Amino acid sequence: MIPDPTEIVLTDNDLKETAESIAEWQLESGMIPWFPGGHADPWNHIEATMALQTVGLVDEALKGYEWLERIQRDDGSWHNYYLKDSIEQDKIDSNCVAYIATGVLHSYLISQDTGFLESMWKVVEPAIDFVVDMQTERGEIIWARHSDGTPWSYALLTGSSSIAHSLRSAIKIATELGFEKKRWESSYIKLANVIQTVPEAFAPKKRWAMDWYYPVLSGVVTGEMGEKHLAEKKEIFEIPGKGIRCVSDRPWITTAETCECALAFQSIGDIQHALELFKQIQNFRNDKGQYLTGLVYPESVSFPEDEYSTYSAAAVVLAADSLMGITKASELFSNHKFLPVL
């Protein structure tokens, strides 16, 4: 369901301005750092690339995917943090690796460019195989590996939930290309089951809003179960009229969490609340179309101080697309029947 256009607070020109602010900070290599001089991680880099594609900055988006293709490791993975000319942190985050499938599918849904999909299959397939190899017998997916291949000892609910969505995206890509991936399908079913039924499978991160809304945002917890899930902690993580706290014990409202949570509410049919959250974040915008990472209330002080980030801007663009139905990828996060139902 798309809301009344009169309720939308950003114009097409506003969104283009925001995406152009991301492109302005993109390096010549194609890498999109969090902010000038900062690092990039594959997940947020892909999200920013998706935002570029959403508003038609196709060349810039392709540069983003070409950078990932060039630096992909032989085992299909990427390191966690990159600087302009070096690796800042060499551990490997399973969620960051899996997200390439979501990004590539998003690009294809908008462009309908089968050639792009075919060319990126050699990137997506080994990445998803790498992630599936990190799944435990019970079903959760270990959060990270050291660069030498040694796995970390625990899984994270937010990361595993995002991986679940990426797995469905990867299966959709495989289907479009005529491939059958039974192992990926089995992996998703095990992963969704453990997210829904075995909370003790994940390291406790109850302070973090993402652990609250990500099972719904990712399409693992849906329908009435999703409504109940979001209602249980809404009062803990939401400051009425302001947005979504990053963590439950701090009055720190963040752009990215508020926009993502809006999509979670949209996915369970609460369009009005999704719109309210999206509108509340617009006072984080500056006259260049950039968005603050976060504000601390009641002082309305930015934290980190005066930090505008590409991933925050990207979250706004993707939420706007979902709410406004701008592109053919607009239902990717808000309609959980849009991807293969397994």
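No value in this document is a laboratory result; all are computed from the given coordinates. No experiment lies behind these values; they were computed from the predicted model shown. Backbone-built Cβ (ideal geometry, glycine too); neighbour counts: all protein chains shown.
Values as computed for the structure displayed
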item	result
Single residue of region 123-134 satisfying the filter (touching a residue at least 12 places away in the same chain (Cβ under 8 Å) and closer than 25 Å to Asp211 by Cα) that is surrounded by the fewest Cβ atoms within 10 Å (Cβ to Cβ)	Asp129
The listed residue being farther than 26 Å from Asp129 by Cβ, buried (at least 22 other Cβ atoms within 10 Å of the Cβ) and touching a residue at least 24 places away in the same chain (Cβ under 8 Å), out of Ala61, Ala51	Ala51
Cβ-Cβ under 8 Å pairs, at least 6 apart or on other chains, region 279-302 side closer than 17 Å to Leu15 by Cβ and touching a residue at least 40 places away in the same chain (Cβ under 8 Å), far side surrounded by fewer than 20 Cβ atoms within 10 Å (Cβ to Cβ) and hydroxyl-bearing (Ser, Thr, Tyr)	Lys288/Ser21; Gly289/Ser21; Gln290/Ser21
Number of positions in region 135-168 that are more than 20 Å from the chain's Cα centre (by Cα), crowded, with 19+ Cβ neighbours inside 10 Å and not in a strand (DSSP E or B)	1
Residue ID - surrounded by the fewest Cβ atoms within 10 Å (Cβ to Cβ), chosen from residues in region 74-84 that are under 23 Å from Leu117 (Cβ atoms) and over 19 Å from the mean Cα position of the chain (by Cα)	Asp74
Some residue of region 148-158 being within 28 Å of Lys328 (Cβ to Cβ) and out of contact with any Ser or Thr (no Cβ under 8 Å at 6 or more places or on another chain)	yes
Which listed residue is part of a loop (DSSP other than H, G, I, E, B), surrounded by fewer than 23 Cβ atoms within 10 Å (Cβ to Cβ) and without any contact (Cβ under 8 Å) to a residue 60 or more places away in the chain, from Gly56, Gly115	Gly56
Hey, Asp287 closer than 24 Å to Met50 by Cα, among the acidic types (Asp, Glu) and not in a helix (DSSP H, G or I) or not	yes
Selection status of Lys233, charged (D, E, K, R), part of a helix (DSSP H, G or I) and without any contact (Cβ under 8 Å) to a residue 40 or more places away in the chain	yes
Residue within region 132-147 that is at positive phi, small (Gly, Ala, Ser) and in contact with a helix residue (DSSP H, G or I) (Cβ under 6 Å, 6 or more places away or on another chain) present	yes
Subset of region 294-317 (residues that are surrounded by fewer than 22 Cβ atoms within 10 Å (Cβ to Cβ) and within 29 Å of Gly226 (Cα to Cα))	Leu295, Val296, Tyr297
Boolean, Glu276 is in a helix (DSSP H, G or I), within 24 Å of Val221 (Cβ to Cβ) and free of Cβ contacts under 8 Å to residues at least 24 places away in the same chain	yes
Selected residue [buried (at least 24 other Cβ atoms within 10 Å of the Cβ), out of contact with any Cys (no Cβ under 6 Å at 6 or more places or on another chain) and hydrophobic (A, V, I, L, M, F, W, C)] from Leu323, Leu275	Leu323
Criterion (buried (at least 21 other Cβ atoms within 10 Å of the Cβ) and either on the phi > 0 side of the Ramachandran plot or in contact with a Phe, Trp or Tyr (Cβ under 8 Å, 6 or more places away or on another chain) (or both)) met by exactly one of Ile71, Ile92, Ile87	Ile92
Set Glu180, Glu185, Glu200, Glu176: member being part of a loop (DSSP other than H, G, I, E, B), among the charged types (D, E, K, R) and either farther than 22 Å from Ser77 by Cβ or touching a residue at least 12 places away in the same chain (Cβ under 8 Å) (or both)	Glu180
